[in-house]
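The numbers here are math on the coordinates, done by the rules we state, and not lab data. This is a predicted model, so every value here is computed, not measured. Here the Cβ positions follow ideal geometry from the backbone for every residue, glycine too, while neighbour counts run over all protein chains shown.
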Amino acid sequence: MKINVVRTSSENSDFIELVKQLDAYLKVMDGEEHEFYKQFNTIETLKYVVVIYVDEIPAACGAYRSYSNETVEIKRMYVAEEFRRKGLAQNVLTALEDWSKEIGFKNCTLETGKRMTSAVAFYLKNKYKVIPNYGQYKHVGDSVCFQKNL
């Protein structure tokens, strides 16, 4: 299994396709709240995107955007179903954290849904701490927000 990590932007067609798969998955997971969350997940202006290829097949992705002078917000983390349980989410997250550190950011923050139990466990395993819900998620009971100092 040959893994290739590519830094790109949201204009990357493989990233766009993976995000379509992510959105279809989230539509099922989020249920009635999907439209609310969808408005915060546009990808048109993401400059910091990672796509992971396994044997030249796009398998996983993630992105970040500047949240403040010191903090990035991790967005659009996804591993295609057939590539799960192979450590690719870890590859994506590490690549995003490393890239944000290179640019000078000191923290990563993110939001996920409480129903996404595997995602919650993944972020906790990666030393992300639960923080009070921020921004648009402040009063959303099904959201859980995390932060990690880099």
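For the chain, set up a Gaussian network in which alpha carbons nearer than 10 Å are linked by springs, and say which option among LEU110, LEU96, LEU26 fluctuates the most.
LEU26
Among MET116, MET77, rank each residue by its count of other Cβ atoms within 10 Å, from fewest to most, as a rough exposure measure.
MET116, MET77
Relative to the present Cα-Cα distance, how much length would full extension add between LYS47 and LEU150 at 0.36 nm per residue of separation? Write out the running numbers ahead of the final one.
Values: separation 103, 0.36 × 103 = 37.08 nm, distance 1.99 nm.
So the chain would gain 35.1 nm between LYS47 and LEU150.
Where Lys and Arg each count +1 and Asp and Glu each count -1, what net charge lies around TYR53 among other residues with Cβ under 11 Å from its Cβ? Please list the in-between numbers first.
Details: positive: LYS2; negative: ASP14, ASP55, GLU56.
Every neighbour counted, the sum reads -2.
I need the trypsin sites (Lys or Arg not before Pro) found in the range 49-150, filtered to DSSP loop residues with at most 11 other beta carbons within 10 Å of theirs. Can you show the working numbers first?
Values: sites: ARG65, LYS75, ARG76, ARG84, ARG85, LYS86, LYS101, LYS106, LYS114, ARG115, LYS125, LYS127, LYS129, LYS138, LYS148; in loops: ARG84, ARG85, LYS86, LYS106, LYS114, ARG115, LYS127, LYS138.
Sparse-neighbourhood loop trypsin sites (Lys or Arg not before Pro): ARG85, LYS127, LYS138.
For ASN107, project a label point 7 Å along Cα to C-beta. Then give me every residue of the range 115-138 with its amide nitrogen under 19 Å of that point.
Backbone N within reach: 123-138.
For the chain, what is the mean residue ellipticity at 222 nm derived from helices alone (per DSSP H run of n ≥ 4: -39500 (n - 2.57); sum divided by total residues; nearest 500 deg cm²/dmol)? If you can, show how the numbers build up before the last one.
On the way: 4 runs with 48 residues, N = 150.
Value at 222 nm, helices only, nearest 500: -10000 deg cm²/dmol.
Please label the shape of the chain as rounded, prolate or oblate, based on the square roots a ≥ b ≥ c of the eigenvalues of the alpha-carbon gyration tensor (a/c under 1.5 means rounded; beyond that, a/b larger than b/c means prolate, else oblate). Could the numbers behind the result be given before it?
Working: a/c = 1.45, a/b = 1.16, b/c = 1.25.
In terms of gyration-tensor shape, rounded.
Looking at the chain as a GNM with Cα springs under 10 Å, which of VAL140, VAL49, VAL92 has the largest mean-square fluctuation?
VAL140
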